[in-house]
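The values are calculated or read from the model by the stated rules, or taken from the named source; none is laboratory data. Not measured: the values here are computed from a predicted model. With ideal geometry, Cβ positions are generated from the backbone for all residues, glycine too; neighbour counts draw on all protein chains shown.
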Amino acid sequence: MVAIILGWNPRLGNDWNYEAVIEQVAETGQFLERWNIGRHRKIQPGNQAWLLLQGEGQHGRGLIGHGVVMSESYEAPQRTEPKSSARYVSVSFDAVLPLGSQIPSSVLTSEVPDVAWNTFRGSGRSLPAESEPGLQRLWREHGPAASEPCRIVPGTYPEEAVSRIDTNRYERDPEARRVCLAFHGTSCAACSFSFEVSYGDIGKDYIHVHHVVPVSQLGGNYRLDPIADLVPLCANCHAMAHRGVGNPRTVAELRRAIAAAGHLPGQILDDRALTAQDDAHRILEQH
């Protein structure tokens with residue numbers, strides 16, 4: 001399947017909190033974002049997307065991320081100029097490098113010479129098919145190390161046995177996760193979704209653990225309270241907690257958003273249920 005190159009110039013009005021992007025990818029394995037693709041319209045869901053750092057900033061040019069296109073292209077208002085629209089696709093970024101750690105354009109030019117990496121502009125251009133194997137090899141060699149999946153195994157701690165835990169790697173501490181889920185359970189704290197209820201045995205004991213305070217804001221000597229500082233969230237709610245904000249949304253904010261959208265926590269509504277809700281709203285408005 002065709003791969004595309006997405007350009008990112010931090011100086012051109014981009015509102016990304018890139019540190020938050022790196023953190024979310026590390027925690028959840030993805031960061032969903034819409035991306036301006038200019039005039040390119042042949043991009044399809046499933047296309048690989050390579051993120052190229054552009055501009056002449058202090059970090060220089062280079063390959064900095066990878067993702068997968070999740071949608072057809074669509075028109076939407078531009079963030080910097082809301083009165084005008086642009087063409088976008090939704091991209092799920094699954095691997096990103098810190099600024100300064102990108103694969104430099106000099107290496108790209110040497111190993112993948114079919115692309116003008118030093119002068120590449122814009123977004124959405126297709127990567128030549130003959131260049132893809134070389135780019136994938138470079139990414140395997142220089143890209144981020146593969147992270148372990150966020151599978152959580154709950155423990156059996158009684159509430160009175162829970163104590164604070166000293167740790168510098170909160171997102172990797174299985175004991176902190178274990179204590180969190182022993183107290184809170186394995187259903188999503190925002191929408192009540194249960195992987196075990198929905199998927200049976202294969203979903204048993206699976207849930208993401210969300211840091212109420214972002215990991216990047218915790219000092220090295222912080223004493224983590226796994227009950228107060230951690231909360232279980234499903235993958236969808238975890239993504240929405242971080243999407244588009246520097247400080248994550250609270251569980252209460254997520255619940256309000258779900259309620260405002262008309263969904264009942266923990267349920268998937270089919271067309272008949274949605275129609276019934278609309279009918280109920282109309283009946284209530286008449287009285």
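From the list Arg34, Arg39, Arg87, the one residue that fits, being surrounded by fewer than 18 Cβ atoms within 10 Å (Cβ to Cβ), in contact (Cβ under 8 Å) with a residue 12 or more places away in the chain, of a type outside the set (A, V, I, L, M) and not in a loop (DSSP other than H, G, I, E, B), is Arg34.
Within the range 130-151, track down each residue that is at pLDDT below 50 and surrounded by fewer than 17 Cβ atoms within 10 Å (Cβ to Cβ). The answer is Ala146, Ser147, Glu148, Pro149, Arg151.
Among residues of the range 98-123 being in contact with a His (Cβ under 8 Å, 6 or more places away or on another chain) and touching a residue at least 60 places away in the same chain (Cβ under 8 Å), the one that is surrounded by the fewest Cβ atoms within 10 Å (Cβ to Cβ) is Leu99. Pairing each residue of the range 212-231 that is farther than 16 Å from Arg177 by Cα and outside any strand (DSSP E or B) with any residue that is polar (S, T, N, Q) and at pLDDT below 65, provided the two are 6+ apart or on different chains, yields C-beta distances under 6 Å for Gly220/Asn168. Being of a type in the set (D, E, K, R) and touching a strand residue (DSSP E or B) at 6+ places or on another chain (Cβ under 6 Å) is a condition met by no residue of the range 35-51.
Could you tell me whether Ala95 is under 19 Å from Gly244 (Cβ atoms), assigned to a strand (DSSP E or B) and at pLDDT below 90? No; evaluated as a whole, the condition is false for this residue. With respect to being outside the structural domain of Ile103 (by TED's automatic domain parsing) and modelled with pLDDT under 80, Tyr170 fits the description.
For the range 218-235, the count of residues that are surrounded by fewer than 20 Cβ atoms within 10 Å (Cβ to Cβ) and modelled with pLDDT of 85 or more is at least one.
The set of residues in the range 64-83 being more than 26 Å from Leu97 (Cβ to Cβ) and not in a loop (DSSP other than H, G, I, E, B) consists of Tyr74, Glu75, Ala76, Pro77.
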